[in-house]
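Below: one structure, written as C-alpha cells.
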Amino acid sequence: MKKAVRKTAVRKTAPVAAASEPSAIPPSYVTCVRAAEEKKGLHIRVLDLRPVTSFADFFVLCTGNNQRQNQAICDEVLRTMKDRGENANSLEGYQNAEWILIDYGDLVMHIFDAKSRGYYDLDRLWRDAPEIAVPRA
C-alpha cells in the first residue's frame, strides 16, 4: 500500500526586521529638527540635558532670520509634533517672535532671532550638555 503524499504550498513571507534596526518612529527632537530644517532654520543644535539637569531631557536650539520665519518654524514644529500625537505643554513668545519657546515636557524647543540667540547665549550657558548629532535626512 502506498501512502498518499500531500503537497503543500510554500508561502514566501517578508523578512522580519532585525532587533538592531532603528525604530520607525524617530525621537521627538529629530521631528523638531526636521521641522525647523523644512522652514530653513539656521544653526540647529540638539543638547542632551540628562547628564546636567533634571527639568528636561533635550533642548533644540534654532535661529531664524526674522519674526515671520520664526513663527513659520514654530508653526511647523507644532504641526509635525501634533501629527505624531504630541501637544505642547506651553508656548511662549510667539507674538514677538524674538525668542519662541515650545515646551513638550522632556523636550524644549527654542527658536531665536540672531540678536536674541547671541544675547541669551544658551549655547554657552548649557555648554556642559553634550550635543547630539542628528544625521541629515
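Laboratory data are not the source of any read-out in this text; all were calculated from the coordinates shown. Just so it is clear, the structure is predicted and the values come from calculations on it, not from any experiment. Backbone-built Cβ (ideal geometry, glycine too); neighbour counts: all protein chains shown.
Pulled fully out, how much extra length does the chain show between Asp123 and Gln67, if you take 0.36 nm times their separation in residues and subtract their Cα-Cα distance?
Computed gain between Asp123 and Gln67 is 18.1 nm.
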Task: Hits among aspartates and glutamates - C-alpha to C-alpha of Lys39 under 13 Å, sequence gap 8 or more where chains match - done: Asp75, Glu76
Task: Low-density loop cleavage sites - chymotrypsin sites (Phe, Trp or Tyr not before Pro) in the range 52-137, where at most 13 other Cβ are within 10 Å (DSSP) - done: Phe55
Open item on the list: On a straight-distance basis, which aspartates and glutamates could pair with Lys115 in a cross-link, Cα separation under 16 angstrom, same-chain partners fewer than 8 positions away excluded?
Closed with: Glu98, Asp123
Task: For the range 62-137, alpha-carbon Rg over 2.2 N^0.38 Å - done: 1.12
Open item on the list: Going by amide H atoms built from the backbone, whose H comes under 5 Å of the H on Leu49, apart from near neighbours?
Closed with: Phe58, Phe59
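Report the trypsin sites (Lys or Arg not before Pro) located in the range 73-133 that are in a DSSP loop and have at most 16 other Cβ atoms inside 10 Å of their Cβ, or state none.
When the trypsin sites (Lys or Arg not before Pro) of the range 73-133 are filtered for loop state and at most 16 Cβ neighbours within 10 Å, Arg84, Arg127 remain.
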